[in-house]
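Each remark here refers to the structure printed beneath this line.
Bear in mind these aren't lab numbers, they're just calculated from the coordinates by the rules spelled out. Everything numeric here is computed off the predicted structure, so don't read it as measured data. Cβ sites come from the backbone with ideal geometry, for glycine too, and all protein chains shown count toward neighbours.
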Amino acid sequence: MGMTTIMKKVVTMGEIMLRLSTPGHQRVKQAQSFDIHYGGGEANVAIGLSQLGLNSSFVSKLPNNDLGISADEFLNRYGVETDHMVFGGDRMGIYFLEKGHSIRPSKIFYARSGFAFAGSKGAKYDFAQIFADADWFHISGITPALNEEMFQLTSLALTAAKQQGLTTSCDLNYRSSLW
């Protein structure tokens, strides 16, 4: 019998956002309430991997308020480790989802201005510690497109991951409005 190598942990890094969805198939201008959910490409990957039985960790920056703590706890409920989450800043990114109906497509509106993760500095993240028990690092193409700080943070994280021998992957997830 051959030996099977078991993956230790996958680390993902990016922005987790608060999603406000209209109930049913209402348009935003019709809604009097919104359903709350947390999401974002890298957070969704971490949750999916955890649900498949893999150890996963999500790294980001959240505001140190009830919404930030709620987002952190949301990830933990799905088995995602958030031991290296940075807390600070005033806001988290928000997006509104208007679910499509019949021939009307779904629509998304972003409210990202001044969000906590966008102000992240590389010095706040101890990548040697973050990657210590990991063997895979995943990021999306959205993160480096957000601003110059996010580009530098992505570069720093990928360099550290490669120096520690991790496999890296990137979901290019191109958004022309960001570039």
Next on the checklist: Quick check: Cα centre of segment 127-175 to Cα centre of segment 19-44, how many Å?
Outcome noted: 28 Å
Checklist entry - Which of the peptides 125-136, 47-58, 159-170 is most tightly packed, and how do the rest follow, going by the mean number of other Cβ atoms within 10 Å of each residue? => result 47-58, 125-136, 159-170
Checklist outcome for this item: Residue by residue through segment 88-105, the couplings from Karplus 6.51 cos²θ - 1.76 cosθ + 1.60 with θ = phi - 60°, in Hz, x for Gly and Pro, are x, x, 9, 9, 10, x, 10, 9, 9, 10, 9, 5, x, 8, 6, 8, 7, x
Checklist outcome for this item: If one compares the long axis through the Cα atoms of helix 41-51 with the longest principal axis of the Cα atoms of the chain, the angle in degrees, nearest 10, works out at 70 degrees
Checklist outcome for this item: Against the 2.2 N^0.38 Å rule of thumb, the C-alpha Rg of the chain sits at a ratio of 1.09
Checklist outcome for this item: Restricting to Cα pairs under 8 Å and 6 or more apart, the percent relative contact order of the chain works out to 23 percent
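Cβ under 14 Å from HIS101's Cβ, HIS101 left aside: what net charge do those residues give with Lys, Arg +1 and Asp, Glu -1? Please list the in-between numbers first.
Working: positive: ARG27, LYS99, ARG104, LYS107; negative: GLU98.
That sum, taken over residues with Cβ under 14 Å, equals +3.
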